[in-house]
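Here is the structure we will look at, set down as structure tokens.
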Number of protein chains: 2
Amino acid sequence: MMKKGSVTIKDIALELGISVSTVSRALADNPLVKPATRQAVKELAKKYNYRPNFTALSLRNNRTRTIGIIIPQLVHEFFSMVIRGIEDFAYSNGYNVIISSTHESYEREVIDTKALINGRVDGLLACVSKSTTNYDHFKEFAERNLPLVFFDCICDEIDSPKVVLDDFEAGYQATQHLVETGCTQIAYVGGPINLQINQDRFGGYKKALNEAGLALNESWIKHCETGDYDDGSESVRDMVAARSIDGLFAGTDMLAIGAIKTMKKAGLQIPKDVAVVGFSNWSIGTIYEPSLTTMSQPGYEMGQKAAELLIQQIDNPDKKLTDTFTLHSELIQRESTQR
Amino acid sequence: MMKKGSVTIKDIALELGISVSTVSRALADNPLVKPATRQAVKELAKKYNYRPNFTALSLRNNRTRTIGIIIPQLVHEFFSMVIRGIEDFAYSNGYNVIISSTHESYEREVIDTKALINGRVDGLLACVSKSTTNYDHFKEFAERNLPLVFFDCICDEIDSPKVVLDDFEAGYQATQHLVETGCTQIAYVGGPINLQINQDRFGGYKKALNEAGLALNESWIKHCETGDYDDGSESVRDMVAARSIDGLFAGTDMLAIGAIKTMKKAGLQIPKDVAVVGFSNWSIGTIYEPSLTTMSQPGYEMGQKAAELLIQQIDNPDKKLTDTFTLHSELIQRESTQR
DNA sequence: CCACTAATTACAAACGTTTGCAATGAAGGT
DNA sequence: ACCTTCATTGCAAACGTTTGTAATTAGTGG
């Protein structure tokens, strides 16, 4: 026994002197097989710790019961919540999940997507990376009639369901909160403007300023390359030197904290001199001093919804979905805007 | 054409009026097939964007060229570096990677491990979760002669290669640094003591105290349930109230920061009144004020080494490896111990 | 023009499953 | 004693590949 590694249905059939089909049926509780036989098979299967070979099953059924996730980063509280949402929905519907982290690299995204295109997964959930501008790899996926759902950073050129946050609304709310706090000179510091999500957050900012009758000052607007801490520190240097702003909407909590650090170093007090709103509700925002007002990002819900749409498509290939689902952000008030 | 989704070798054979074996050989550049045929096949393959079916290949070759990772958390700077190390080594050796995050749950770990046991992966890299005390699922894996390598949180009961950090040495170094800084009343706050890594860090702490001739005070020693921020805040409350300590070694940067926050609130100054050393070198340690002295955790190297050992075993199944590889930590000095 | 080799190609088995259909056997009714 | 019926089982195909071996074709030399 145990020729290679695992026991197969064939081994059991051989030992019992019956055919593989009977073994297969017995294990499936098929009433066609005589109770005595069934029991004998099951006992032997348990004894040898038989587990059906995943690959053989996949080939036979032409489905892997696995969904793929293409995501730019893992160490990211938002993405991690998305993954959790996806996993929870997938597991409870009998699906497994394989995650590919592209590390925001276009090349990696292409490689990873193509690695999943050949029958490895039944469908794909994708969040495109910052550096992606060509979507052929996703198109190839879609052309093979493989279900595909985008979330967060989507690709407009492809006709598949999408789950997004209303970043415009969120940007608007964040800025409006600063207005209500009494700010009149409100700066914007955001992530790469080639991403739709950042265009939207910025758009919401502009609308709020406009509605409040506040002027848009170009020197108070920075679109950063990465959206991380160092970018944040850099971005506000000029504004701080000029002592010109009294409010800041940052497209990322890390940007916000980077900016706050620069301002604190320059002797500005937060929120007294400058009120700050971040984005994403990272846990560091509760730990940092001052704690950070921010916009929530319902990652778990986004993941769940995306998984739901994908699995719907997998189970129902003929019915094409193309809806876009929009989730909403909420303001979380903390010290950084508490005047 | 395109009956189901993807083009198969059979479709190409049919269209060209030749046999599947010829097509297969043509695609593999086998010199047996006539150049003209080979070219025709390749052209058609490119035209239809043919990609060999992953599942069929796996079944045929009895290998998936995929390695599995079982890891307690994703949103964790250390684990994420480990994953990167694994991925980089795996990719450059032609392997793919499947990540399963157990969220520190024993049940999830069992499910995930069993999901990988049936020929889905060629081998497994595992870091056992905090809540795991029974290792049968890993044993079953090993009994099937499937290559298995543990990293960081290992399982001693199983005879497979392991890659670990010298947590004892690191705990010793951290504590000794506090001694050198001039601390004489040094507290320890660490994660769950059922984990070997925490026992080791604690062991290093005790050794350093011992060598310095400092007494071990039970009321200065806390083993926390989770090792997160809130645990940190809680853990030092009594010590702070008693104004009894002048140094703290925390088994986690989050514990350290939680503790610092409590101390700051109580009016203590860091590092003047209490010097603090954390563990893991999380990025928040550079952002927080004061910035945090900590012990590095070479996650990338750990991942690389673990992947290397695993792939060695996969490619060389007869040669059993059982070595334990030990990596070393380094002290990173920042403000929290700068007197 | 036949035989012998060399160059191509096709056939079939195998990987581990499931499942439609055929086959076997026994039992029951007449 | 024979036909029917039912319960149980086995055979074979299929999923998409690769590969050893057999078969076909072409080419060469006599």
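Read-outs: derived from the displayed coordinates by stated rules, not from any lab. Remember, predicted model here, so these are calculated numbers, not experimental data. Methodologically, a virtual Cβ is constructed for each residue, glycine included, from the backbone with ideal geometry; neighbour enumeration extends over all protein chains shown.
The table below lists the values:
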item	result
Theoretical ellipticity at 222 nm over chain B - DSSP helices of four or more residues, -39500 (n - 2.57) apiece, nearest 500	-13000 deg cm²/dmol
Alpha-carbon radius of gyration plus Dmax, which is the widest Cα pair, for segment A:9-52 in Å	9.0, 24
Residues with amide H under 5 Å from that of residue A:247, placed H, sequence gap 5 or more	A:185, A:187, A:275
Cα-based equivalent ellipsoid, the protein assembly as shown: semi-axes from gyration tensor eigenvalues, Å	48, 36, 21
Inter-copy spacing of residue A:91 label points, which lie 7 Å from Cα along Cα→Cβ, given in nm from shortest upward	2.7
For chain B, share of DSSP beta bridges that run antiparallel, in % to the nearest 5	5
Note, ³J(HN,Hα) from phi for segment A:300-316, Karplus 6.51, -1.76, 1.60, rounded to Hz, x at Gly and Pro	4, 4, 4, x, 4, 4, 4, 4, 4, 4, 5, 5, 4, 5, 5, 6, 9
Debye, to nearest 20: dipole size of chain A, +1 on Lys, Arg Cβ, -1 on Asp, Glu Cβ	1800
For residue A:283, label point 7 Å along C-beta direction: distances to other copies, nm	1.5
Amide H contacts under 5 Å for residue B:252, placed H, 5+ residues apart	B:279
Length-normalised contact order of chain B in % [C-alpha pairs under 8 Å, at least 6 apart]	17
Antiparallel %, DSSP beta bridges [both residues in the protein assembly as shown], to 5	5
Using a 7 Å Cα-to-Cβ projection, residue A:131 label spacings across copies, nm, ascending	3.8
Candidate lysines for bridging to residue A:207, where Cα separation is under 21 Å - those fewer than 8 sequence places away on the same chain excluded	A:222
Listed pairs A:265/B:272; B:130/B:206; A:42/B:162; B:10/B:305; A:139/B:114; B:114/B:320 exceeding 32 Å between Cα atoms	A:42/B:162; B:10/B:305; A:139/B:114
Amide H within-cut-off set for residue B:327, under 5 Å, with H built and near neighbours excluded	B:164, B:165, B:166
Nearest-20 debye value, segment A:9-52 charge dipole, Cβ charges on Lys, Arg, Asp, Glu	80
Leading residue at positive end of dipole, the protein assembly as shown (Cβ point charges), from B:61, A:165, A:189	B:61
Whole-Hz couplings from phi, Karplus 6.51/-1.76/1.60, listed for segment B:140-154; x for Gly and Pro	4, 4, 5, 5, 7, 6, 8, x, 8, 10, 9, 9, 6, 8, 9
Integer Hz, Karplus 6.51/-1.76/1.60 couplings in order for segment B:215-231, x for Gly and Pro	6, 8, 10, 4, 6, 9, 10, 10, 9, 8, 6, 10, x, 9, 4, 5, 4
